[in-house]
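Working notes for the structure below.
Computed from the coordinates by the stated procedures, all read-outs in this text should not be read as laboratory data. Bear in mind the structure is a predicted one, so any value in this text is a computation, not a measurement. Because the Cβ atoms are built from the backbone with ideal geometry, glycine has one as well, and the counts that use them run over all protein chains shown.
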Amino acid sequence: MLYANADQSVLGYLGRALSLEMTAVQQYATHAKLVSAWGLAEDARILHEESLEEMGHVERVISRMLALGAAPNASMLRPVKLGTCLSELLYAGAELEKDLVELYSQAVHHCAKNADHDNRKFFEGILKEEQEHDAALTAWIKRLETIENPSVSRATF
């Protein structure tokens, strides 16, 4: 089903993206349920919304793969990282977001180098959203650290 002109590297990036995005959906959905069980309803809501945003990325990656003639197959999901408190869960989420940002950055670079403007634009769109997710998680972690350790001045951030 592959088109003769499908860039195998692009398909590789899409395959890895699908696995990481599915991992993110699974991780954020699990974290939302765990945090809800801890009685942190607002935090659970935010994590649930994050899982839905990542599911949107899954759908976009699948659509892109199909458009390029590739069968989607998320074959390498990572195990969910659990924790004993909200900040541990957020650190796990931030680690995953950084991996996604790195993957999409590499894909954008590859496409730019090969003058593949359509795929570059596709990867840039999701990259921007993942960078925003990473920044939001980082800010959330910093807010928690300030609450947990009030002697830390906001000016040090």
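Taken along the Cα-to-beta-carbon direction at a fixed 7 Å, the label points for Ala139 and Met55 span 2.5 nm. Karplus-derived 3J(HN,Hα) values for region 67-75, using 6.51 cos²θ - 1.76 cosθ + 1.60 with θ = phi - 60°, are 5, 8, x, 9, 7, x, 7, 7, 9 Hz; glycine and proline are entered as x. Projecting label points 7 angstrom from Cα along Cα→Cβ for Lys128 and Arg45 puts them 2.8 nm apart. Between Trp38 and Ala71, the modelled label-to-label distance comes to 4.1 nm, taking each label 7 Å out from Cα in the direction of the beta carbon.
Strictly over 24 Å apart at the Cα level, which of Lys81/Lys113; Lys98/Lys128; Lys33/Lys81 would you flag in this model? Where the Cα-Cα span goes over 24 Å, the pairs concerned are Lys81/Lys113. The charge dipole of region 1-143, taken about the Cα centre with unit charges on the Cβ atoms of Lys, Arg (+1) and Asp, Glu (-1), comes to about 200 debye, rounded to the nearest 20.
Rounded to the nearest 10 degrees, the inclination of helix 8-37 to the longest alpha-carbon principal axis of the chain is 20 degrees. Calculation over all alpha carbon pairs of the chain in 10 angstrom steps from 0 returns a P(r) of 11, 37, 29, 16, 6, 1, 0 percent.
If the viscosity is 1.567 mPa s and the temperature 4 °C, what translational diffusion coefficient in µm²/s does Stokes-Einstein give for region 28-112 when Rh comes from Kirkwood over Cα pairs?
89
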